[in-house]
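Read the structure below first, then the notes.
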Amino acid sequence: MAEHTYFNSRAKEYKTPFGATRAGETVTWHLTVPENLGYVDPHLVLTKDREDPVHYRMQFEGQTPGVNHFSFSLAPTTPGLYFYYFDLYTDFRKIFRREDGEGYLTWVDGESWQLTVYEPDFQTPDWIKSGTMYQIFPDRFYEGVPNKPMPFADRIYRPDKTGEPYFWPNEQDDGYLNMDYYGGDFEGIRQKLPYLQELGVTCIYLNPIFEAHANHRYNTANYLKADPLLGTNEEFSNLCSEAKKRGIRIILDGVFSHTGSDSLYFNREGRYGPGGAYRDRNSPYRSWYDFDSGYACGYRSWWGFDTLPEVEEESPSYVEFVCGKGGVIDTWLSLGASGFRLDVADELPDEFIEQIRAAVKAHGEDKLLIGEVWEDATTKEAYNRRRTYLRGKGLDTTMNYPFRNAAVDYVRGTDAAEIGNRIMSICENYPKPALDCAMNFLSTHDTERGITAIAGEPANGRDRYWQSKRRIPADLVEPALRKVLLAYAMLFTLPGTPCIYYGDEIGMQGYRDPFNRAYYDWNSTERGLRAPLANLARLRRSCDAFNGGSIEMLEASGDVLHYRREGKTQAAEIILNRGSHLLVRTAFGKQTEVNPGGFTILVEDRFPHHIGYFKYY
């Protein structure tokens with residue numbers, strides 16, 4: 001006999017609406033209790049985060065054979081995190097949550113369900129939701145103006161684009177790490193816009209472009225000036241204009257938790273004359289930093305790196321500099337950028353993020369604000385505070401590390417049941433406006449390349465000398481690429497917006513930085529995943545199920561993930577088969593085959609009724 005289902009937060013028979021809800025929207029819970037449990041008086045026990053629980057008596061709705069039915073409706077009025085379980089009020093029996101969202105009967109405390117309630121007017125830009133992003137590490141994409149002179153004498157030019165990035169000795173010891181430059185620039189990106197358009201890209205995310213004195217440019221030296229090796233502010237504006245003609249927008253990396261010590265603002269190294277907070281107590285930038293002899297270097301720095309002094313985000317002059325008229329946000333959006341990704345968003349106060357949002361949205365509600373968050377952003381705690389940035393007043397959305405980890409783990413062999421639960425947990429917890437544009441990536445500048453993470457020998461903390469030049473054996477590259485495509489197929493078809501890290505489409509390999517930041521191999525004869533990724537991008541644009549459509553997990557077991565997306569006029573069923581055997585499943589009432597290591601996507605048009613197929617073998 002099948003186990004009784006008391007409640008399932010993922011099934012509309014038990015809870016509506018699915019997942020997070022807007023403040024003021026009515027939520028209805030349905031509970032079913034077998035008659036053989038005797039007398040029960042079920043209560044919904046609802047607790048707002050860090051507050052006392054409230055017990056709500058559920059209404060008796062009637063019976064079906066052997067089962068009593070109860071329900072309760074409530075419209076939470078204030079945004080926040082809420083947690084709930086059910087108390088039967090007899091014999092100390094309660095119903096708590098399993099990983100798959102189903103309830104189970106117990107006499108001891110267990111895991112509660114989560115209900116995220118967000119701002120009633122929370123909206124996110126529509127243009128990103130059916131699009132495809134492409135992340136570019138600017139120095140390593142393409143050198144449009146070859147053999148440029150270095151603008152600063154301490155930069156090392158790399159004319160051989162095939163050479164591995166320098167990793168020795170460490171930059172903290174005056175070494176070469178992060179001091180070598182391959183010359184990628186705005187002109188190079190502009191020249192490659194036709195390539196990106198053909199790939200299906202609709203949004204470019206650029207790692208930092210502001211003047212800075214390391215090739216990663218996360219140690220900002222001048223927020224209002226493009227790094228001269230990349231080009232001028234005017235050339236950036238021209239790049240945005242040219243990209244827009246091809247239906248491509250550009251968003252920038254905003255690094256606002258720290259600056260470089262070698263900067264116009266701090267100026268420890270003296271590159272910028274006699275001023276700066278480090279050299280002049282009367283500097284207008286002095287209030288941006290926390291100087292104290294209790295710090296090893298005499299000031300608070302990011303994770304102890306003395307080259308990255310942290311800023312005081314509550315400093316009124318700093319807030320005005322970033323968010324005010326003529327400030328950082330205003331300057332770059334006026335030049336043509338379409339938004340920002342906030343570096344280390346967890347380390348920025350919620351109030352500061354809200355001020356950044358206001359500055360971004362002052363240029364139009366279509367401007368995008370993404371945050372770097374590595375965990376479930378709705379439950380994230382930092383500095384002993386629950387973060388509120390994903391409830392409608394801060395970020396539009398976040399980088400979707402949970403989906404990235406799920407995709408990598410799935411193709412590496414983790415049971416699909418666990419993967420399905422991890423996916424649906426995010427889908428339940430995130431506000432729909434944020435979920436619909438979450439940044440779904442497989443690789444970034446901060447992670448191993450997707451193909452390395454999936455098929456490479458695990459680094460397991462081994463040093464850069466071990467990681468250097470280490471590659472997947474040639475005879476294993478093709479099956480590795482198939483796994484990478486399977487992972488990308490998942491990320492292209494789950495809620496959110498897929499993002500391709502430059503070079504993933506040709507199978508570029510590399511462990512963590514700097515090896516994941518090599519120069520794009522434009523001489524590669526490996527077309528790799530270009531065609532199938534372009535096809536997936538076209539499919540996303542042509543099917544409204546992938547433009548904010550709902551999701552239902554139909555099967556998640558063993559090697560198989562099968563889920564359904566539902567749009568306004570179209571629906572899609574996606575079947576992923578990680579296994580080594582041919583798979584036969586029913587989708588839209590018809591049997592379909594899925595090859596080993598492959599996937600099938602079926603699209604149903606409601607008007608007129610038609611089923612189309614997208615297969616990869």
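Remarks
- Based on the Kirkwood approach, the hydrodynamic radius assigned to segment 309-439 is 15.8 Å, with every pair of different Cα atoms included.
- Kirkwood hydrodynamic radius (C-alpha pairs) into Stokes-Einstein, segment 97-153, 37 °C and 0.692 mPa s, D in µm²/s: 178 µm²/s
- Relative intensity, log₁₀ I(q)/I(0), of segment 230-351 from a Debye sum that treats every alpha carbon as a point, q = 0.12, 0.19 Å⁻¹: -0.53, -1.09
- For segment 503-517, 3J(HN,Hα) per residue [Karplus equation, 6.51 cos²θ - 1.76 cosθ + 1.60, θ = phi - 60°, Hz, x = Gly/Pro]: x, 4, 5, 10, x, 4, 10, x, 7, 5, 4, x, 6, 7, 10
- Relative to the longest principal axis of the Cα atoms of the chain, the long axis of helix 350-361 lies at roughly 80 degrees.
- Under the criterion of Cα pairs below 8 Å and six or more residues apart, the relative contact order for the chain equals 11 percent.
- Angle of helix 233-245 to the longest C-alpha principal axis of the chain, folded into 0 to 90 degrees and rounded to 10: 40°.
- Taking amide H atoms as placed 1.01 Å from N in the peptide plane, the amide H of Thr497 lies under 5 Å from those of Ala438, Met439, Asn440, each 5 or more residues away in sequence or on another chain.
- Mean shadow area of the chain over all directions, Cα convex hull, nm²: 30.3 nm²
- From phi via Karplus (6.51, -1.76, 1.60), per-residue ³J(HN,Hα) for segment 275-290 in Hz, x at Gly/Pro: x, x, 4, 6, 9, 9, 5, 9, 4, x, 9, 4, 6, 6, 10, 10
- Scanning residues 5 or more positions from Gly254 or on other chains, those with amide H under 5 Å from its amide H are Arg341, Leu342, Asp343, with H placed 1.01 Å from N in the peptide plane.
- Rounded to the nearest 20 debye, dipole of the chain from Cβ charges on Lys, Arg, Asp, Glu: 1460 debye
- If both residues of a DSSP beta bridge must be in the chain, then about 75% of such bridges are antiparallel.
- Relative contact order of segment 1-52, pairs being alpha-carbon contacts under 8 Å that are 6 or more residues apart, as %: 28 percent
- From the Kirkwood radius over Cα pairs of segment 283-380, Stokes-Einstein at 20 °C and 1.002 mPa s returns a whole-number translational diffusion coefficient of 144 µm²/s.
- Distance distribution note for segment 81-214: the fraction of Cα pairs above 25 angstrom is 58%.
- Computed over segment 521-596, the P(r) curve from all C-alpha pair distances, binned at 10 Å from the origin, holds 17, 36, 34, 11, 2 percent per bin.
- Close amide H contacts of Leu368 (hydrogens built in the peptide plane, cut-off under 5 Å, sequence separation of 5 or more or a different chain): Gly339, Phe340.
- Principal-axis tilt of helix 416-429 within the chain, Cα atoms, nearest 10 degrees: 80 degrees
- Qualifying trypsin sites (Lys or Arg not before Pro) in segment 288-352, DSSP loop, other Cβ atoms within 10 Å at most 10: Lys325
- Kirkwood radius and radius of gyration were both taken over the C-alpha atoms of segment 134-290, and their ratio Rg/Rh is 1.00.
- Other residues with beta-carbon under 10 Å from the beta-carbon of Arg512 carry, at +1 per Lys or Arg and -1 per Asp or Glu, a net charge of 0.
- Neighbour net charge for Asp280 - beta-carbon separation under 13 angstrom, K R +1, D E -1: +4
- Segment 126-201 - Rg (one decimal) and Dmax (whole number), Cα, Å: 15.6, 47
- Segment 115-157, dipole about Cα centre (Lys/Arg Cβ +1, Asp/Glu Cβ -1), debye to the nearest 20: 280 debye
- Loop trypsin sites (Lys or Arg not before Pro), segment 85-130 (other Cβ atoms within 10 Å of the site Cβ: 12 or fewer; DSSP): Arg98
- What the Cα atoms of segment 428-477 give is an Rg and a Dmax of 15.8, 44 Å.
- Built from the Cα atoms of segment 401-489, the convex hull projects on average onto 6.7 nm², one quarter of its surface area.
- When the alpha carbon gyration tensor of segment 33-116 is reduced to an equivalent ellipsoid, its three semi-axes come out at 23, 15, 12 angstrom, largest first.
- All-pairs Cα distance distribution in segment 401-447, expressed in whole percent, bin size 10 Å: 25, 51, 24, 0
- Other residues whose C-beta falls under 15 angstrom from the C-beta of Lys245 contribute a net charge of +3, scoring Lys and Arg +1 and Asp and Glu -1.
- Unsatisfied cross-links (Cα-Cα over 24 Å) in the set Lys129/Lys361; Lys15/Lys361; Lys15/Lys393; Lys15/Lys48; Lys244/Lys393: Lys15/Lys361; Lys15/Lys393; Lys244/Lys393
- By the rule of a C-alpha distance below 12 Å, with chain neighbours fewer than 8 residues away ignored, the aspartates and glutamates paired with Lys94 are Asp41, Asp109, Glu111.
- Segment 295-398: relative contact order in percent, alpha carbon pairs under 8 Å with at least 6 residues between: 22 percent
Only the coordinates and a few stated rules stand behind these numbers; no lab work does. Please read all numbers here as calculations on a predicted model, not as lab measurements. Positions of Cβ are backbone-derived with ideal geometry, glycine not excepted, and every protein chain shown enters the neighbour counts.
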